[in-house]
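Reviewing the structure listed below.
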Amino acid sequence: MENLKSQITELKNKKNAIILAHYYVADEIQDIADFVGDSLELSRKASLTEADIIVFAGVHFMAETAKILSPQKKVLIPDIKSGCPLADSMGTSEFAKFKEKYPDYFVINYVNSTAEIKAMSDLICTSSNAVELVKSLPSGTKILFGPDKNLGSFVKSFVKNEIILWNGNCPVHENFSANKLQDLKNANPDAIVLAHPEANKAVLLKSDIIGSTSKLLKYAIESENKKFIIATEPGIIHKMKQNDPNKEYIPLPPVQNLAESICFNMKKHTLQKVYDALKYEQFEILMDEDLIKKAKVPITRMIDLSVKLGLVK
Ligand code: 13P
Ligand code: SF4
């Protein structure tokens, strides 16, 4: 493995490439990445990098967002089949019909959506900025929000705006078990529950801190507490442990008879595939220019607003 890692570094330097990775990918990929972050931070990095090639170890919509923000760069995804079922569940024709029913509504879609859906949106949000972005809109703005209903309900709990939700969810977070969370809380009364807003409502109601992957990581790092129950994909525990191996991080299991709720799409990337991506410059994200132009508008609006609100540098 060490040999493969040094070959990756060599190729990366030779080709002026950067490796961006999400917290849910395999530990060894996080370890060789130039930057690991949440969706907002990763899209910001992609828009600012001076590298010629971006290898994106994340799901397809993340690599696609990087391409939209840096169309002149070559964006590669190590496993082309690494999709996001939440993003893929929102079809353009169904969404067009939904929009037609609410013609005067402002359309906010979660970054976990396809480029085609982004092109049909007024504003994109991520889990780290959704609440603040909605709060920054003129009061009384009526909103259509998709595709994640759990994140949408979470946002709704902070504002008075009328928000109509698309009925989508992430299977990894929707399937977390609130009963198992209660059992874990009973057995570990000293643990703080950290949850991603994609988690189902019953779980969120039993959680202490709710936020993006980066927010949860930051909380675990800065907290004096020694024990945490993690209600998001357990890939995040790698960075938590690296920061403080003496704290305890307990992954919340799903309702099924499994120890953890895994995002198998994120885990499709391997070190070998990252190496192959760099060596053979595969699999390239290629997009229609017109689609890039249209999808870029609401993403750029999100980044500009997030910078203005101090949510990202
Ligand atoms: P974050 O933006 O919080 O990293 O979330 C991305 C994601 O896909 C969560 O399932
Ligand atoms: Fe998509 Fe869920 Fe995986 Fe996040 S955890 S990438 S929302 S399937």
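A Gaussian network model of the chain, with springs between Cα atoms under 10 Å, assigns the largest mean-square fluctuation among 194, 165, 205 to 205. Judged by the gyration tensor of its Cα atoms, with axes a ≥ b ≥ c, segment 1-40 is oblate; a/c meets the 1.5 cut and b/c is at least as large as a/b.
Split the chain at each of the chymotrypsin sites (Phe, Trp or Tyr not before Pro) in a DSSP loop with at most 12 other beta carbon atoms within 10 Å, and the longest piece is 1-157.
Relative contact order for segment 176-237: 38 percent, from Cα pairs under 8 Å spaced at least 6 residues apart, divided by residue count. In the context of the full set of protein chains, residues of the chain present 44 Å² of accessible surface per residue (probe radius 1.4 Å, heavy atoms only). Applying both filters, DSSP loop and at most 11 other Cβ atoms within 10 Å, to the trypsin sites (Lys or Arg not before Pro) of segment 146-230 gives 160. Centroid-to-centroid, using Cα positions, segment 58-128 and segment 132-203 are 19 Å apart.
If you build a Gaussian network model of the chain, linking Cα atoms that sit under 10 Å apart, which residue out of 177, 136, 128 swings the most? In this elastic network of the chain, the residue with the biggest mean-square fluctuation among 177, 136, 128 is 136.
Shown here: segment 96-162, whose C-alpha atoms stretch 28, 24, 18 Å along the first, second and third principal axes, sorted largest to smallest. Gain on full extension, evaluated as 0.36 nm per residue between residue 208 and residue 256 minus their Cα-Cα distance, stands at 14.9 nm.
For segment 1-67, a/c is not less than 1.5, where a ≥ b ≥ c are the root eigenvalues of the C-alpha gyration tensor, and a/b does not top b/c. That puts it in the oblate class.
Residue 301 contributes an accessible area of around 100 Å² to the protein surface, as traced by a 1.4 Å probe with all chains present. If a/c stays under 1.5 just call it rounded; otherwise compare a/b with b/c (prolate if a/b is bigger, oblate if not). Do that for segment 246-313, with a ≥ b ≥ c from the square roots of the Cα gyration tensor eigenvalues. Here segment 246-313 falls in the oblate category.
Electrostatic bookkeeping for residue 222 treats Lys and Arg as +1 and Asp and Glu as -1; over the other residues with beta carbon under 12 Å from its beta carbon, the sum is +1.
For the residues 93, 139, 39, a 1.4 Å probe over the protein chains yields an accessible-area ranking, largest first, of 139, 93, 39. If R0 equals 35 Å, the separation of the Cβ atoms of residue 242 and residue 96 corresponds to a calculated FRET efficiency of about 0.20.
A dipole drawn for segment 257-296 from +1 and -1 charges on Cβ atoms has a positive end, and of 287, 262, 275 the residue lying farthest that way is 262. If one puts a single equal scatterer on every Cα of segment 80-214 and applies the Debye formula without solvent, what log₁₀ I(q)/I(0) results at q = 0.12, 0.16 Å⁻¹? Scattering profile of segment 80-214, log10 relative to I(0): -0.49, -0.82. With the Kirkwood sum run over all distinct C-alpha pairs, segment 1-120 has a hydrodynamic radius of 15.5 Å.
Within the chain, all pairs of alpha-carbon atoms sorted by distance into 20 Å bins from zero give the percentages 33, 59, 8. Using all pairs of distinct alpha-carbon atoms, the Kirkwood hydrodynamic radius of segment 124-191 works out to 13.7 angstrom.
The sum of -39500 (n - 2.57) across all DSSP H runs of n ≥ 4, divided by the residue count of the chain, sets its helix-only mean residue ellipticity at 222 nm to -12500 deg cm²/dmol.
Amide H to amide H, with H built 1.01 Å from N, residue 125 comes under 5 Å of 109, 110, 111, counting only residues 5 or more places away or on other chains.
Counting only C-alpha contacts under 8 Å and six or more residues apart, can you give the relative contact order of segment 1-115 as a whole percent? Relative contact order, segment 1-115: 21 percent.
Are there GluC sites (Glu not before Pro) in segment 231-313 that DSSP marks as loop and that have at most 10 other Cβ atoms within 10 Å, and which are they? The qualifying sites: there are none. Across 238, 173, 60, the residue with the most accessible area heads the list, and the full order at a 1.4 Å probe is 60, 238, 173. With contacts taken as Cα pairs under 8 Å and at least 6 residues apart, segment 129-197 reaches a relative contact order of 29 percent. Across segment 191-244, counting alpha-carbon atoms alone, Rg and Dmax equal 10.2, 30 Å. By accessible area, using a 1.4 Å probe on protein heavy atoms only, the chain has 50% of its surface on carbon and sulfur. For segment 93-193, GluC sites (Glu not before Pro) meeting the loop criterion (DSSP other than H, G, I, E, B) and having at most 16 other Cβ atoms within 10 Å: 162.
The values are calculated or read from the model by the stated rules, or taken from the named source; none is laboratory data. Because the structure is a prediction, the values reported are computed rather than measured. A quick note on method: Cβ atoms are made from the backbone with ideal geometry, for glycine too, and the neighbour counts reach across all protein chains shown. Keep in mind that these areas ignore ligands, DNA and RNA; they rest on the heavy atoms of the full protein, side chains included. Shrake-Rupley method; radii C 1.70, N 1.55, O 1.52, S 1.80 Å.
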